[in-house]
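Taken together, the values in this text are just the output of simple stated rules run on the coordinates, not laboratory data. Here the structure is a predicted model, which is why all the values come from computation and not from measurement. Every residue, glycine among them, receives a Cβ derived from its backbone with ideal geometry; neighbour counts consider all protein chains shown.
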Amino acid sequence: MDDRTSGVDVRAPIELRSFCVSEENGFVLTDPLTDLPEYYCAWMDLATNLTHLVQTHQLRGRVTEMPLLSAHYLKGHRELRLAHLALGIIAMGYVWQEGQDRPAKVLPKALAVPYCAVSKMLDLPPILVYADCVLANWRLRNSDGPMEIENMDTLFTVPGGDSGKGFFLVSLLVEQAACLGLQGVATVMNSMLAHDVVGIQEALAVIEDSIRRMREVFKLMHKYVDPMLFHNTVRIFFMGWRDNPSLPDGMWYEGAREEPLHLFGASASQSSSIQCFDQLLGVQYSDKNGFFMRSMRAYMPPRHRQLIDTLSSRPQLRPYVLSSASPKLRCAYNSCVSALVDLRCFHLNTVVRYITVPGSRARGASCPFSGAKAVMDMQGTSSTKALPFLKSMRDDTKLALIMGQ
Ligand code: HEM
């Protein structure tokens, strides 16, 4: 049998490093830069002071006065990532400064041109993505101290006080907790090639622990993020310009694009970790969910999205477990799927607390005829109808469980 498809060697072991996944931090950007060369101080100045400038309604004016800078002096991956993050934060502040009902419809040239250039170099869309505001938006207060929330800070934040920071940092720590699980994913794939059933079983146990750890860390959200502040303020700055009733025509990028762009906003659905686990465990997304989850891959750094693609092009774990006579292997596989179901159940409860409940309070307090806003209050950050979608993602995950002997 030919194990090579389209020139890709499906027998080559998976090396996480070659997908820019670090041993300590998984998909989190290790040691992100905190400053750009002096030439880019106009960007850093606006991004660092974003909350104040938005709250005092000065940001739009300041962006209009910004010089048009060339992206060509940016060197290396980490400078580009910091530039993408800074420009993304400025763009979100610029668009949503006057609230979700009065967005700006055009990004001015001095912002749009370098933003599109940096995005092209990184192969990311020109909008704030999860890989910016979560994966690359952190530093240690004491560089010798631990990677724990009390010793961490964001580089930039959005209005919403400490809840914005808390949201970024807790999500980052959840992502970091996936790190061991990702190593487990590589070990499972490589052990399958070697027909090492015990190796697969042990690696599945590592993945299960890691997913359960993600759920534990996720609980910090309740301590560091206030639901009303999150819903009414922080969330607004993640809203994109696709399927958004406030921006039905998308967003114009002056001087950079001939047509407006329709792009989803930042969301943890752009997390590569969860999609890696889904892919490994053979979670089949139903049609509509699949369309959304696959669209989210375009918002991930290219090497990260390639890891998901690689996992899907390899021999699959679920049929392997089904055809194996080992009850221990089946049990280890099912425990992993159950941990992922539990994580999605916890996530669903969090969404009820941070979106559904504050959304109904906000509707109760406003005009009952404010139709567009009522729709938006029930939505997530990327404009999916949140709860039915998330429930069906949980159910798709449950379907991966292997029943019977
Ligand atoms: C206050 C905290 C959070 C809220 C309110 C929240 C809300 C949402 C919403 C509304 C969606 C639907 C899609 C969208 O609109 O973008 C979503 C999807 C998703 N979120 Fe979160 N989220 C939170 C934290 C997290 C964290 C920390 C993670 C893990 C890193 C995460 C992972 C996901 C994933 C993977 C999806 C895609 C659906 C799925 O795979 O089940 N979320 N989230």
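What to note about this one:
- If only the Cβ of Lys and Arg carry +1 and only the Cβ of Asp and Glu carry -1, the dipole of the chain around its Cα centre is close to 960 debye.
- Full extension of the chain segment joining Ser313 with Thr34 gains 96.7 nm, where the gain is 0.36 nm per residue of separation less the Cα-Cα distance.
- Net charge of neighbours whose Cβ lies under 13 Å from the Cβ of Ser324, counting Lys and Arg as +1 and Asp and Glu as -1: +2
- Charge dipole of the chain about the Cα centre (unit charges at C-beta), most positive-ward option of Met121, Met293, Leu140: Met293
- Our helix-only sum for the chain, with -39,500 (n - 2.57) per DSSP H run of n ≥ 4 divided by its residues, gives a mean residue ellipticity at 222 nm of -16500 deg cm²/dmol.
- As an equivalent ellipsoid, region 106-238 spans semi-axes of 33, 22, 14 angstrom, where each value is the square root of five times an eigenvalue of the C-alpha gyration tensor, largest first.
- Those residues of region 295-326 whose amide nitrogen sits under 13 Å from the label point placed on Val10, 7 Å along Cα→Cβ: 310-320
- Its relative contact order, with pairs defined as Cα atoms under 8 Å and 6+ residues apart, puts the chain at 19 percent.
- From least to most packed, judged by other beta carbons within 10 angstrom and beginning with the fewest, Glu98, Glu79 follow the order Glu98, Glu79.
- Summed residue charge, Cβ within 12 Å of Met251's Cβ, Lys/Arg positive, Asp/Glu negative: 0
- When the chain is treated as a GNM with alpha-carbon contacts under 10 Å, the residue of Leu69, Leu111, Leu172 showing the greatest mean-square fluctuation is Leu69.
- Listed residue (Gly255, Ile274, Pro245) projecting farthest to the positive dipole end of region 220-324, Cβ model: Ile274
- Gaussian network model of the chain, Cα within-10 Å springs - most flexible of Gly61, Gly184, Gly250: Gly61
- Region 211-280 - charge dipole about Cα centre, Lys and Arg +1 at Cβ, Asp and Glu -1, debye rounded to 20: 640
- Crossing angle, helix 287-296 versus the chain [Cα axis fit, 0-90 degrees, rounded to tens]: 60
- Here the simple spin-label model places points 7 Å from the Cα toward Cβ, and for Lys288 and Arg303 these points are separated by 3.7 nm.
- If you take all other residues with their beta carbon under 13 Å from the beta carbon of Cys116, and give Lys and Arg +1 and Asp and Glu -1, the sum is -1.
- C-alpha long axis of helix 162-177 to longest principal axis of the chain, angle in °: 20
- For region 188-307, dividing the convex hull volume of the Cα atoms by the residue count gives 158 Å³ per residue.
- In terms of overall dimensions, the chain has a Cα radius of gyration and Dmax of 21.6, 69 angstrom.
- Over region 185-238: Rg over Rh, Cα atoms, Kirkwood Rh: 1.34
- Degrees between helix 197-218 axis and first principal axis of the chain (Cα, 0 to 90, nearest 10): 30
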